[in-house]
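A quick write-up on the structure given underneath.
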C-alpha cells in the first residue's frame, strides 16, 4: 500500500485553505461534510478574515494550525496555488487536494500553472489530488472532503472518477438505495495522483472489495496495464470508459483538455488486464454492487421465480442475450415445487407462481432451487401487486439468500411501492434491479471476472532470435521516408522469421526473367515505385506469368504504364514473386497506440477486410493466451479451425507470425505501423506465407 | 373506428360480476378504481350476497342492473364463465372483460372452456377482452376496470399489453414521473380482442398520439401486418417484443401457452410495417413519451448544454453509438454563447458551462442553439450540484422549449434531488431521462419513425408471368417426398424465370457425355440420389471436367462411390452442368413463418454463409423498396455495389430473382423452404445464375 496516499483518506488532521463563512461557497459545504459524517481527526479551516465557521475555530494562516495536520484541501483561486503549495510544504503537509479549477482544462496560462505546481510538489515530495476535482470520501474514517450533498453508506465499492460531477450525480442517484461504498476519489486533472495510483492503493486496501471507475483517459499506459493486471487478480475492477467514439472523444477532450486515445486500444487493454468494462453508468454500479456483495456464479444456469410471466420472459430474453441460460430444474425440484405452489403455477423454469404469489411461495421456491445442482444463480422477480407487500417478499428473499452460497440477483419491477423493499435488500447485501433487462449484463460481467481469475498469469511469449541488424539497416537507409513498401517490409519479416513468398527485386526486364527462372513459374510482378500507393488500383501488378518472355514483356508493360500515369514516381523496378498456392487469407498487423504501445491486430484478410471488420486487437507484449484469444474471437479464426469439412489450417504458423511481428514492434519503437495482408495460411504443418506487406515509420 | 370496442373504454355503465366486499379481493380493488378516477357512467356491482360495497348499491343478479349498461367486468371463477356469458347476452351486454385466469394458459380443461366461451361470444356478437387480464383504463373517460394501484395522468400514450403484471409494474414505475397516458389495455389470452384490434382502435382515436405495446406473440400475422402498416402512417407504434431468443420464447410459452414464433420474422415485419422496436421496458416508455410529446427531429445533429463534462461525454458517446452526431455550432452561436457564459466555459458543442451553471446560463445557451441552423435537437444536461436548484433549471429548459419547434430531450442525472424537477418537465411535455445513455436510443427511434413516415406506401412488386403448371407438376410428382434436390428445384426456378446454370440430368455415362458436349466444356457432375443430403460432403460432385471421356469416367466414379457409401440411396443419375464463370456468390431463399408467411432471405452466399450470418429477411409480398433494403443492409449488398474498384454487379438480376422467388412462395403454399446457394452474380447487365438450389415441402 502506497503510504503517501493514506492521508487523502485517513488523515490525522485536515486544513481547509480558503474556508468561507458563506453558505453558498463550496468550501462551506466541505466544512459541513467534514463535520457531519463522523471524521475523528482535526478539522482546521484557514481564512485570515474569519474567527469561526459552523462552530469551528478558524486559523488566519496555515502555520498556526496545530499539529498533527497531514492533509490540505485547497479551495483558493488558481492564482494563489503556488504560494499555497509553499505554505503546505513549510507546514510539512505532504498531501494536498486542489478543488479549484482553471488549470490545464482551460488551456493557456492554466497549463503553465499546473506544470509549475506539479514541479513544486515533486521537488518537495508532496502528493496532489486534482486540481479541478471534488475531493475524497472514506466511509471508514468518515472523512468527506467534498461539497457533495449526502454520503453513501459504508460498503464494498471504491469509486474512482475523472469527473467530479459524476461523483455528485452518483451520490444523488444511489443515496436512497442503500448501495454501499468504501471510498470516493475524484481525481480531476490527475496532475499527480492518477487512476493507476488509486487502483494500486484500493487494490491493497482490504476494506475495498471492488473498484469502480469512471475513466476518460489513461495518463501512463504501461503503468495502468501493470497495476490493473496486478489488482484484477486480487479484486474486480469495473470500468466505464467515456470517449468511446469520435463524438465522445471530442467531448472528453473539450472537458479535460486531454486526448481520449484509441478506444480500440483501451478495449484490448481492459480485456488483457481483466478489467470488466460496462456500457452505462447504471451498469457500473449494478455490476460493482453485485461483485461486492455476491459470490461469483459457479456457472451460467439461472433459475427464475416470478409472480409475473411477462417480466420473466423479458428476463429470460435478456439472460440469453448475455450468454446465460435458463436452468433445467430437476424432476425432484419440480415435484417439490408442486407440493406447495398454486396448482396453476408453472414449475418448469421460469417458475411462475402467478400474480397472487405470497412471500412463503417465494421462500419455498428459492429453497428448492438452491438445492438443485442444475442451478448456479437464483433470480427472484416481483412485479408489485395490489395484495402483496413487497417488503415481506424482500424479507423472504433475504431469508433464502442466507441459506445458500449461490449467487442471487433480484428484480423488483416497480418504483413507488418497492422503495422500502429495495433499500432492505441492498442493505442485506442482495443486489436488486428495477428492470429484468438489468440482470443479464451483471451476470455476464460477473462471469467475465470469474473467467479472468481462472486464467494463467500473463507471461509474455519468449522472444525468438531475430536479425535485428537487418531491420536496423532498412530503417537507417530509409530516413526521411515514412512509408515502407513490400520490398523493404519483406526484410523486416525475414529478420523475424516470418516467411515471405519467394521473390526478389528486379531492376530491369532481363533481371526479372532471371529471377523468375530461379524461383520457378508462374510468377507475379509488382511495381516498386515511390509515390504509387495502391499498386493494385494503379495497375501495377501482373499475375500468373508463365514464362521468361511474359516476364520480360510484363516488366516493360508495368514500368511504362506507371511511368506514363505517374510521371513523378521514382521506379525502382518490380518485385518478381512466385505465385503462391491458394490458402486462407488473413491479415496480421500492428498499429502503435500513443498511450499503450504496439497494438497487434488479426483478422480476415484479402479484399473483404474493410467490409467484414473481422479484426481483433491486443496490446504487446502478448502471452500465448492473448494470441490464441485474438485468433479465436474472429471469423478468420473459426475458418482456420476448419468449417464444414474443410481441414484445419496451420494455426501455429499464424501464432508464430503474430508473436514475431509483436516482437519486431517492441524491438523497434520507430515502427509506427506494420501490416501483412494477406498472410496466406496453408493446411496444418504446411505453414503460412506473407504475400504482401507494408510498414509506416514514426516521423522523427 | 371499430365501434364494438368503444364500451371497453367509454361505457355508459359497467357491471362488476363477482364484486366482493372483502378488501383483499381483486374485485374490491376494481370497484375502488372505478369510483376513484372520475368515471361518470353507471357502476353496478353484482353479488347475490351483498347489499352495498364502498357505498355503492349491489345488485343480486345482472338482470336487475338498470339501463344503460354496456360493459361487464367478470371476476368470477372459470367454472362460472359460460353461465355468466349467457347472462351478459341476455342483458344485451356486448363487451365483456374477463379478469379471471385458468383458461388456455393452464392447459387441459381451460383450453376447452376458452374455446366454448369464444364460440358463445361469436355466436352472440359479443366482444371479449381477456381472459387472464387486468382490464382497461381510459384517462379521458376516467374508466379504470383494473385493480392496479394508481392511475397515470392523462397524456398521449396508449399502452397495449399481453401481460397484466407488466401493466401493474409500469404504473408503479412511472406514476411519480408524470408521464401521461390515454389508455391501458391488458389483453391477457387474447381469446377475442387481439393486439391488432387494439392497434386499429387506437390508430383511429385522435386522443392517442402514440401506441406502446408489450407483445409476446401475434395471433393473426396478415391482420397484424395490415393494421400495423395502416396505423404506422397515422401515428407511431413502439414495440417491446418478449420471447426474442429460445430462452425468452420458452418463458413466453410457459406464460401464455402460445408460441412466440420466429423473432427473425417479427423483426422483418416490424421493419416493413414501420413498427419501432425497442430493447427494454424502460426504452418502451422513454421512446413513446418522446414521440408523444416532441416534434420529430429534423436531422441527427444534437447540441448539448451541460454543467458537467463527464455527463456530456457519456451522452456524446451514446448519441454517436445510436447514429446521431454532435452539431457543429456556427461561429455566431459560439460568439453569442461567450457573451454571457463563464469565461472558462466551453462554447463548442458540447457546451460545458461548468459546475456553477445557473438557470439563466442554460436558458441563454438553449436560445442560441435553437437559432442555429446546424442544430436539429437540443439536449440540456444537469448533474445536480450543491448550489443550484434543479427545479429552477428545469423551468429554464421549459422556457426555452416553448420558443422552438426543435426536438428537446433532456437529462437530469440524479434521483433524490431532481424528482420535483423531473415531474415538472414531464408535466410540461419535455421528456427527461435519468442517464445520458438513455437519450441516444430515443433519438434513434424517433428518426427511424421519421424515415418510415417518408417512405412510399408499400406496393407489392407486380407479379411476372410464371409457368405455374410446371411447378404443379414437380409438386404433384413428389408426393410423400419432403426434400427436393437441385434437379426438381431447377424446374421451379425455370418456371419463375430465374436462370439456372445450363445443365440436364443424365441417367448413364454416355448420356452424361452427350449432354456435356451439347452444353459445352468444362462441366460439373453432381450426383442425384435420394438419401444423399450433402452432395459435396459425400463426395458426390466433380468439377472442371474438360472432355467427354472425363465425363463418362467421372459419371461411373461418382455413382460407384455413392453406391458403395450409401447402399440404400436411390441413384437417379447425375446433373451435368456447365462450369459457370466466377462471380459474386450470394444466397437467396425463403422460409415460411407459421405466423407471417413467406419470409424471404438474402445475403452472402457460398461457404461463408454460416460464419458471416450476413442475412437479411423480409416477409412477402415484397415491395421494390423491401427488396432494395434487404440487399442494401448486407455486406453482400455492399459488395454487389462494388468495393475498392471492383465493378458494380447486376443488382437488378438479384432483385428480379428475389421478386420471382417470393412470387413462387406466395403462389405455392406447399413450399415450406426454398433456397438458391449460390446465386452467382455477374457484372451489371450480365445477369446471375443459380448454381445450386433445394426446396422443402410442407408435410401434408
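Below are the figures for this structure:
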{"item": "Only listed residue being modelled with pLDDT under 95 and closer than 30 Å to residue B:315 by Cα, chosen from B:412, B:416, B:475, B:482", "result": "B:416"}
{"item": "Residue A:591 in contact (Cβ under 8 Å) with a residue 24 or more places away in the chain, part of a strand (DSSP E or B) and within 17 Å of residue A:655 (Cβ to Cβ)", "result": "no"}
{"item": "Residue satisfying all of: in the stretch A:102-124; within 13 Å of chain B (Cβ to nearest Cβ) and part of a loop (DSSP other than H, G, I, E, B); modelled with the highest pLDDT among these", "result": "A:103"}
{"item": "Single match in B:50, B:15, B:89, B:72 (criterion: over 26 Å from residue A:341 (Cα atoms) and part of a helix (DSSP H, G or I))", "result": "B:89"}
{"item": "Top-ranked residue in the stretch A:346-372 [being surrounded by 19 or more Cβ atoms within 10 Å (Cβ to Cβ) and part of a loop (DSSP other than H, G, I, E, B); ranked as farthest from the other protein chains (Cβ to nearest Cβ)]", "result": "A:372"}
{"item": "Matching residues, the stretch A:175-189, being within 13 Å of chain B (Cβ to nearest Cβ) and either buried (at least 24 other Cβ atoms within 10 Å of the Cβ) or assigned to a loop (DSSP other than H, G, I, E, B) (or both)", "result": "A:178, A:179, A:186, A:187, A:188, A:189"}
{"item": "Residues satisfying the stated conditions in the stretch B:381-408, i.e. within 14 Å of another protein chain (Cβ to nearest Cβ) and either touching a residue at least 40 places away in the same chain (Cβ under 8 Å) or assigned to a strand (DSSP E or B) (or both)", "result": "B:381, B:382, B:383, B:385, B:388"}
{"item": "Looking only at the stretch B:228-244, and only at residues there that are farther than 10 Å from residue A:313 by Cα and within 14 Å of chain A (Cβ to nearest Cβ), the one that is surrounded by the most Cβ atoms within 10 Å (Cβ to Cβ)", "result": "B:240"}
{"item": "Residue check, residue A:472 more than 26 Å from the chain's Cα centre (by Cα), surrounded by fewer than 22 Cβ atoms within 10 Å (Cβ to Cβ) and in a helix (DSSP H, G or I)", "result": "yes"}
{"item": "Search result, residues across the stretch A:98-109 that are surrounded by 18 or more Cβ atoms within 10 Å (Cβ to Cβ) and over 14 Å from residue A:190 (Cα atoms)", "result": "A:106"}
{"item": "Check on residue A:571, at pLDDT below 95, in a helix (DSSP H, G or I) and either in contact with a helix residue (DSSP H, G or I) (Cβ under 8 Å, 6 or more places away or on another chain) or buried (at least 22 other Cβ atoms within 10 Å of the Cβ) (or both)", "result": "no"}
{"item": "Residue that is buried (at least 22 other Cβ atoms within 10 Å of the Cβ), more than 38 Å from the chain's Cα centre (by Cα) and at pLDDT 90 or above, where the choices are B:520, B:503", "result": "B:503"}
{"item": "Residue within the stretch B:203-220 that is more than 14 Å from chain A (Cβ to nearest Cβ), in a helix (DSSP H, G or I) and within 18 Å of the chain's Cα centre (by Cα) present", "result": "yes"}
{"item": "Verdict on residue A:95 being crowded, with 16+ Cβ neighbours inside 10 Å and more than 21 Å from residue A:147 (Cα to Cα)", "result": "no"}
{"item": "Output for the stretch B:27-59, where each listed residue is more than 30 Å from residue B:154 (Cβ to Cβ), surrounded by 13 or more Cβ atoms within 10 Å (Cβ to Cβ) and out of contact with any strand residue (DSSP E or B) (no Cβ under 6 Å at 6 or more places or on another chain)", "result": "B:47, B:50"}
{"item": "Filter result for residue B:414 (within 14 Å of chain A (Cβ to nearest Cβ), closer than 23 Å to residue B:303 by Cα and without any contact (Cβ under 8 Å) to a residue 40 or more places away in the chain)", "result": "yes"}
{"item": "Failed criterion for residue B:223 (all others in (1) at pLDDT 95 or above; (2) in a loop (DSSP other than H, G, I, E, B) hold)", "result": "(2)"}
{"item": "Filter pass, residue B:65 being within 44 Å of the chain's Cα centre (by Cα) and surrounded by 14 or more Cβ atoms within 10 Å (Cβ to Cβ)", "result": "yes"}
{"item": "Lone unmet requirement of (1) in contact with a strand residue (DSSP E or B) (Cβ under 7 Å, 6 or more places away or on another chain); (2) surrounded by 21 or more Cβ atoms within 10 Å (Cβ to Cβ) for residue A:627", "result": "(1)"}
{"item": "Residue in the stretch A:548-567 that is within 30 Å of residue A:270 (Cα to Cα), touching a strand residue (DSSP E or B) at 6+ places or on another chain (Cβ under 6 Å), in a helix (DSSP H, G or I) and not assigned by TED's automatic domain parsing to the domain that holds residue A:269 present", "result": "no"}
{"item": "Residue in the stretch A:612-626 that is at pLDDT below 95 and over 21 Å from residue A:266 (Cα atoms) present", "result": "yes"}
{"item": "Residue A:443 being more than 25 Å from the chain's Cα centre (by Cα) and not in a loop (DSSP other than H, G, I, E, B)", "result": "no"}
{"item": "Hits in the stretch B:669-683 (condition: more than 24 Å from the chain's Cα centre (by Cα) and within 18 Å of residue B:486 (Cα to Cα))", "result": "B:670, B:671, B:674, B:675, B:676, B:677, B:678, B:679, B:680"}
{"item": "Of the criteria (1) in a helix (DSSP H, G or I); (2) farther than 19 Å from residue A:131 by Cα, which one residue A:38 fails", "result": "(1)"}
{"item": "Hits in the stretch B:651-679 (condition: in a strand (DSSP E or B) and touching a helix residue (DSSP H, G or I) at 6+ places or on another chain (Cβ under 9 Å))", "result": "B:671, B:674, B:675, B:676, B:677, B:678, B:679"}
{"item": "Among (1) touching a strand residue (DSSP E or B) at 6+ places or on another chain (Cβ under 9 Å); (2) part of a loop (DSSP other than H, G, I, E, B), the one test that residue B:700 misses", "result": "(1)"}
{"item": "Complete set of residues in the stretch A:637-649 that are more than 9 Å from every other protein chain (Cβ to nearest Cβ) and either surrounded by 16 or more Cβ atoms within 10 Å (Cβ to Cβ) or closer than 23 Å to residue B:639 by Cβ (or both)", "result": "A:637, A:640, A:649"}
{"item": "Residue tally, condition in contact with a strand residue (DSSP E or B) (Cβ under 7 Å, 6 or more places away or on another chain) and within 14 Å of another protein chain (Cβ to nearest Cβ), over the stretch A:125-164", "result": "16"}
{"item": "Set B:465, B:459: member being away from chain A (no Cβ under 14 Å), at pLDDT below 95, over 27 Å from the mean Cα position of the chain (by Cα) and within 30 Å of residue B:673 (Cβ to Cβ)", "result": "B:465"}
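The values are calculated or read from the model by the stated rules, or taken from the named source; none is laboratory data. On a predicted model such as this, the values are computed, not experimentally measured, just so you know. Neighbour counts are summed over all protein chains in view; Cβ atoms, including those assigned to glycine, are modelled from backbone coordinates with ideal geometry.
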